[in-house]
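The values are calculated or read from the model by the stated rules, or taken from the named source; none is laboratory data. The model shown is predicted, which means the values in this text are computed figures rather than measured ones. Cβ sites come from the backbone with ideal geometry, for glycine too, and all protein chains shown count toward neighbours.
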Amino acid sequence: MPDGRWFRASEMPRFALGSRYVFFIRNTDWTFAFIIGELAYRVEMIAGRSVLVNGNGQAVTGLFESGIETNTVALTEPTGNRYRALRPEAGRIPDESRFLTTTMGTAMGLVVVEHELGHAMGLEHSTGYAIMRDGTAARVPFVGSSPGSGGSRSYYVGDDFYGLQYLYGVAPFYRNLFASSQLLRNNVLIYTASDPGNGDMPYTGVIAKCPGDSLGFYVSVGNTGTQLETTQLRIYADDPVAGYGGAVPGTTLQTRSNVTVSRYGALAFPVTVTIPPSIPRDTNLSVFVDIDSNNTVNERKEYDNRARSVLMLRVGNVAACGR
């Protein structure tokens, strides 16, 4: 310890050789093993800033009486791999792919402000796909947000907009579509990374595939505008950060024309894609959805058209797949 004392722990986590760590001690006699409750955090430089990450590469976002919050996707490689930040020049990966699992933190704080402001404007609780969903356990949907856009991944969606329009009788001409990584099923918000052919069982870990294999999941998009929109939708696989950039990023998994989303509406449906032979091999790829991918709708916002799913896949090489 800093004062020269030694401590003995019954079990220890795996550490990265040559890395620096910060340890959180939760009791006063220094006998609490660091591996319990994940109390050892590695120091990484990401986007020019020192960031604490856990063994899975997730960043520390808050420290509270109830524990330490790590409410991000993996920003570095996990323990056991080479230790490097994932594309530090790109900064923090927007994480619209996951639900918030805590009532604390800045992301939840923004959602709470939006929710309570909705009440102040006269909105009641909703059971729909909306910021005004009733209770923390009900969760709320997030929308896509391209890095550097300055856009929030939480805002009033179609159901909320409709309520405000109904209350105040104002119907300006407004066009905006968005993509999401959550959908409403039987009044429960679930991930699009769920298998429609297996009782909506959520996918876990990285899904191993070969070219020609099929993969089923959901697509979720919405419309906060005042008119029905019909446009093109593209599903593609790409690096978790690079997938937000470029005119046509990644490897196309499926394209759908004439996708129609009603005004103030949310649209979700199952899809089955076939893994193309052109997809990169032996690398983890995220699945993205891009609404209005041919850019035919003159929207109020463009940064929310692409959303990264929590679904990740890895396509084997020729030796592993035989093709």
For this session: Out of the residues in the range 262-295 that are among the hydroxyl-bearing types (Ser, Thr, Tyr) and assigned to a strand (DSSP E or B), state the one that is nearest to residue 246 (Cα to Cα).
Result: 286
Seminar exercise, completed: Flagged in the range 313-323 as touching a residue at least 12 places away in the same chain (Cβ under 8 Å) and out of contact with any Gly (no Cβ under 8 Å at 6 or more places or on another chain), in numbering order, are 313, 314, 315, 316, 317, 318, 320, 321, 322
Exercise. Just checking, which of 316, 245, 265 is within 18 Å of the chain's Cα centre (by Cα) and assigned by TED's automatic domain parsing to the domain that holds residue 183?
Worked result: 245
Exercise. Which ones in the range 200-220 are in contact with a helix residue (DSSP H, G or I) (Cβ under 6 Å, 6 or more places away or on another chain) and exposed (fewer than 15 other Cβ atoms within 10 Å of the Cβ)?
Worked result: 216
Problem set entry | Pick from the range 175-188, criterion within 19 Å of the chain's Cα centre (by Cα) and surrounded by 17 or more Cβ atoms within 10 Å (Cβ to Cβ), ranking: farthest from residue 146 (Cα to Cα) | 184
For this session: Just give me the residues in the range 274-309 being of a type in the set (A, V, I, L, M, F, W, C), more than 30 Å from residue 226 (Cα to Cα) and in contact (Cβ under 8 Å) with a residue 60 or more places away in the chain, in sequence order.
Result: 275, 279
Problem set entry | the range 296-323: number of residues that are assigned to a loop (DSSP other than H, G, I, E, B), surrounded by 22 or more Cβ atoms within 10 Å (Cβ to Cβ) and among the polar types (S, T, N, Q) | 1
For this session: Could you list, in sequence order, all residues of the range 205-233 that are more than 18 Å from the chain's Cα centre (by Cα) and in a strand (DSSP E or B)?
Result: 208, 209, 214, 215, 216, 223, 229, 230, 231, 232, 233
For this session: Quickly run through the range 234-261 and pick out the residues that are of a type outside the set (Gly, Ala, Ser), closer than 20 Å to residue 279 by Cβ and not in a loop (DSSP other than H, G, I, E, B).
Result: 234, 235, 236, 238, 244, 251, 252, 253, 254, 255, 256
Exercise. Residues in the range 156-171: is at least one touching a residue at least 12 places away in the same chain (Cβ under 8 Å), assigned by TED's automatic domain parsing to the domain that holds residue 315 and farther than 22 Å from residue 118 by Cβ?
Worked result: no
For this session: Please indicate, with yes or no, whether at least one residue in the range 279-294 is closer than 25 Å to residue 187 by Cβ, buried (at least 20 other Cβ atoms within 10 Å of the Cβ) and in contact with a helix residue (DSSP H, G or I) (Cβ under 8 Å, 6 or more places away or on another chain).
Result: no
For this session: Scan the range 162-199 for residues that are assigned to a helix (DSSP H, G or I) and of a type outside the set (A, V, I, L, M, F, W, C) and report the count.
Result: 8
Exercise. Among the listed residues 224, 274, which satisfies the condition of being of a type in the set (Val, Ile, Thr) and surrounded by fewer than 19 Cβ atoms within 10 Å (Cβ to Cβ)?
Worked result: 274
Exercise. Can you name the number of the only condition in (1) assigned to a loop (DSSP other than H, G, I, E, B); (2) modelled with pLDDT under 65 that residue 97 fails?
Worked result: (2)
Exercise. Out of all the residues in the range 131-140, is one or more at pLDDT 85 or above and outside any loop (DSSP other than H, G, I, E, B)?
Worked result: no
